[in-house]
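J.: Here it is, the structure in full.
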Amino acid sequence: MGHSRYFAGHRHEMSAFLPARYERVLEIGCGEGGFVASLSPGCERWGVEQHAISAEQARGRMHRILVGDFGAVQDELPDGYFDLVVCNDVIEHMPDHDAFLESLTHKMRDGAYLVASIPNMRYYYCLRELLLRKEWVYQDHGVMDRTHLRFFTERSIRRMLTDHAFEIDRFSGINRLRGLRRVLRAMFFVLLTFGYYRDILFPQFAFRAIFRRQTADAKS
């Protein structure tokens, strides 16, 4: 993928999910480092970015930047060190998201936070294309981004976090569907199902989850 706004985003909507206190931050897929502006001043900032041009842009904003995918550089990250890990639209790009999360927890302190966003496969547009138009067409961006390797719903995200010893502290949809006609169409299904389909209003979910090492040890 070429250099684009994909790597330059600031993701201001994710700042609401940051915990009150943290000192050592690891951001996977940090792009040009725009999200740093949302972090607490004085925190130690590490970034992992496989897009070399973006990583170079982020270098001045990070205390340390590692260039490459997480699997290639994870041995350069200290174990049990970070109290906040940020994965904004990252997990869906992993060939094996379970292996990624398992490796990531080794870099986190007990009680550390994971803040992340993940596209919602049950978003209104996805359901419309699949159920009404019988289509599955990849796009250059959005939920059906052609670079996505994994697909999630709210339920599967919650299960994934539980499976990897994370306790969900905050969870909600973000970047709500816009446009009066579109919202009215989507709300018809939400009301028809007495709120059961309310998740279709959001193209992404965001969460803050706490890693519990004791739980992880009990499961291993």
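The values are calculated or read from the model by the stated rules, or taken from the named source; none is laboratory data. Here the structure is a predicted model, which is why all the values come from computation and not from measurement. Methodologically, a virtual Cβ is constructed for each residue, glycine included, from the backbone with ideal geometry; neighbour enumeration extends over all protein chains shown. Accessible surface areas use protein heavy atoms only, side chains included; no ligands, DNA or RNA. Shrake-Rupley method; radii C 1.70, N 1.55, O 1.52, S 1.80 Å.
J.: Among the residues of region 16-45, write down those that are of a type in the set (Ser, Thr, Tyr), closer than 24 Å to ASN175 by Cα and assigned to a loop (DSSP other than H, G, I, E, B). Can you show your working first?
T.: Of all residues in region 16-45, those of a type in the set (Ser, Thr, Tyr) come to 22, 38, 40.
Filter once more, keeping what is closer than 24 Å to ASN175 by Cα: 38, 40.
Within region 16-45, just SER40 meets the criteria.
J.: When both residues are 6+ apart or on different chains and their Cβ atoms are under 7 Å apart, which pairs have a first residue that lies in region 183-195 and is within 15 Å of ARG122 (Cα to Cα), and a second that is of a type in the set (Lys, Arg)?
T.: Final answer for the pair search is VAL190/ARG198.
J.: Could you look through region 53-77, keep only residues that are open to solvent by less than 40 Å² (accessible area, probe 1.4 Å) and in a loop (DSSP other than H, G, I, E, B), and pick out the one that is farthest from ILE174 (Cα to Cα)? Before you say what the answer is, go through the steps one by one.
T.: Step one: of region 53-77, the residues open to solvent by less than 40 Å² (accessible area, probe 1.4 Å) are 54-55, 58, 62, 65-66, 68, 70, 73, 77.
Keeping just the survivors that are in a loop (DSSP other than H, G, I, E, B) gives 62, 68, 77.
Working: MET62: 27, GLY68: 28, LEU77: 30 Å.
Among those residues, the one meeting the criterion is LEU77.
J.: Does GLN50 count as open to solvent by 20 Å² or more (accessible area, probe 1.4 Å), polar (S, T, N, Q) and without any contact (Cβ under 8 Å) to a residue 24 or more places away in the chain? Outline the logic, then answer.
T.: Values: open to solvent by 20 Å² or more (accessible area, probe 1.4 Å): yes; polar (S, T, N, Q): yes; without any contact (Cβ under 8 Å) to a residue 24 or more places away in the chain: yes.
It is true that GLN50 is open to solvent by 20 Å² or more (accessible area, probe 1.4 Å), polar (S, T, N, Q) and without any contact (Cβ under 8 Å) to a residue 24 or more places away in the chain.
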